[in-house]
Amino acid sequence: MSATVVLVLAVFGASCVESVEALTIVLAAGTTRGWRSALEGMAAALVLLAVLVGAVGVPLIHYVPIDALRVVVGALLAVLGLSWLRKAILRASGHMAKHDEDAIFAKTTASLGAATNGRARQRDGVGFTVAFKGVLLEGMEVVLIVISLGASQHKLGTAAAAAAAAVVLVSLVGLLVSRQLSEVPENTIKTVVGVMLTSFGVFWLGEGAGVRWPGSDLAIPVLIGLFALVSAAGVAAMRSLASVAPAEPASVPGETEGQPAS
Amino acid sequence: MRRAIGRGVKVFGHFWWDFLVGDTPELFAAVLAMIGIAFLLRHERMAAVVTLPVLAAVVLLGSTWRGRTRRRKEPAAGE
């Protein structure tokens with residue numbers, strides 16, 4: 001039960017963060033190159049991501065021994081979670097610039113250039129490609145998380161539904177406010193998700209190797225508490241360091257963050 | 001056709017290299033070490049359940065420290 005709740009929260013949170021970043025790129029492409037191409041690019045990428053989840057996730061569940069799967073999945077989640085946490089700590093402590101959706105939107109818009117009025121209603125290859133690539137790159141990490149968490153617990157459908165709910169929520173909010181969601185506390189969400197991914201990663205890695213955690217699934221909330229404390233201590237320690245170097249500018253459009261992405 | 005397949009493999013390899021190693025090889029190395037330790041200590045329950053999270057925490061803090069010091073040396077390095 002606790003593992004399922006954490007799974008849903010982790011996938012939903014990760015998907016929210018990546019969706020906010022993807023939305024900025026789609027909005028920039030739509031504003032400058034026309035909405036038709038941008039929305040088609042976004043839809044095509046979402047379909048491809050969904051196909052990937054089904055094509056990779058379902059065979060994993062049915063054909064790979066569960067212990068081997070959990071070691072590999074645990075390792076992937078641990079690498080991803082630690083990487084997200086590291087960046088979140090650096091950002092929260094002022095050693096790295098936070099993700100600035102407004103700056104990314106402005107940069108993408110400037111680099112794409114404005115489409116003519118007539119062109120906005122026609123198909124535009126650049127607008128399609130930018131939206132497709134942006135959504136695909138940001139979504140790839142979500143796919144990995146959905147497959148990893150879903151396959152290791154045999155709850156691929158639940159994980160996919162949580163990710164889809166986040167995409168729908170962010171899209172609806174983006175549609176309603178018609179602008180990039182720069183007010184979303186991305187770094188806080190990223191910290192929470194990073195803590196969850198790291199906890200799941202360490203748990204499944206050990207479980208798959210044959211380590212029996214005290215309390216079974218109940219060890220996950222304990223690990224979450226531990227990594228939350230470590231992250232808070234890390235932020236406090238890094239903040240207290242004297243003479244902080246200036247942080248670098250925000251990521252450029254299309255650039256990915258986590259290891260490969262955000 | 002051959003060239004396309006080769007390019008696809010290269011892109012796929014690049015993705016996984018960036019994903020797993022990227023600019024934080026210490027995290028990847030630590031997770032590999034954690035796998036080894038988990039198998040070695042699987043019969044020593046308490047040792048395993050203490051060592052794995054502690055190792056992850058230490059590596060996280062160490063990598064974050066390294067990120068901070070590297071950034072001071074190379075402020076223009078994009079990450």
**Per-residue Cβ neighbour rank within 10 angstrom, fewest leading, A:73, A:53, A:17, A:184** = A:184, A:53, A:73, A:17
**Item:** Rounded, prolate or oblate (a/c below 1.5 giving rounded, otherwise prolate when a/b exceeds b/c) for the stretch A:14-165 by Cα gyration tensor
**Value:** oblate
**Asked** What base-10 log of the normalised intensity I(q)/I(0) is obtained for the protein assembly as shown from the Debye formula, alpha carbons as equal point scatterers, at q = 0.09, 0.15 Å⁻¹?
**Response** -0.48, -1.28
**Complete:** Taking chain B and counting helices only, DSSP H stretches of n ≥ 4 at -39,500 (n - 2.57) each over all residues, the nearest-500 ellipticity at 222 nm comes to -28000 deg cm²/dmol
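For the stretch A:1-72, what class follows from the C-alpha gyration tensor (a ≥ b ≥ c being the square roots of its eigenvalues): rounded when a/c is under 1.5, otherwise prolate if a/b is larger than b/c, else oblate?
Values: a/c = 4.02, a/b = 1.94, b/c = 2.08.
Oblate, because a/c is 1.5 or more while a/b does not exceed b/c.
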**Fill in**
Computed ³J(HN,Hα) along the stretch B:16-22: with the Karplus parameters 6.51/-1.76/1.60, θ = phi - 60°, integer Hz and x for glycine or proline, the list is 5, 4, 4, 5, 7, 9, x
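For A:181, A:48, what ranking results if the residue with the fewest other Cβ atoms within 10 Å of its Cβ goes first? Don't skip to the end; give the middle numbers.
Values: A:181 18, A:48 15.
The most exposed by this proxy come first: A:48, A:181.
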**Complete:** With a ≥ b ≥ c from the Cα gyration tensor eigenvalues, square-rooted, and the rule rounded for a/c under 1.5, otherwise prolate when a/b > b/c and oblate otherwise, the stretch A:126-185 is oblate
**Request:** Any lysines with Cα under 21 Å of the residue A:107 Cα? List them, leaving off those in the same chain fewer than 8 positions away.
**Result:** A:98, A:133
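If one computes P(r) from the Cα atoms of chain B, what percent of pairs lie at distances over 18 Å? Please list the in-between numbers first.
Numbers: 1835 of 3081 pairs.
Summing the P(r) tail past 18 Å for chain B gives 60 percent.
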**Using θ = phi - 60° and Karplus 6.51 cos²θ - 1.76 cosθ + 1.60, couplings along the stretch A:216-227 (whole Hz; Gly, Pro as x)** = 6, 4, 5, 5, 4, x, 5, 4, 4, x, 4, 5
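Please rank A:144, A:175, fewest neighbouring Cβ atoms within 10 Å first, as an exposure proxy.
Numbers: A:144 22, A:175 10.
Sorted ascending by nearby Cβ count, the order is A:175, A:144.
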**Complete:** Of the candidates A:128, A:151, A:64, the farthest towards the positive dipole end of the stretch A:53-194 (Lys/Arg Cβ +1, Asp/Glu Cβ -1, centred on the Cα centre) is A:128
**Fill in**
In a Gaussian network model of chain A with springs linking alpha carbons closer than 10 Å, the residue among A:154, A:62, A:95 that fluctuates most is A:62
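Throughout, read-outs are computed from the coordinates displayed, never taken from laboratory work. As the structure is a computational prediction, the values presented were derived from the model and not from experiment. Backbone-built Cβ (ideal geometry, glycine too); neighbour counts: all protein chains shown.
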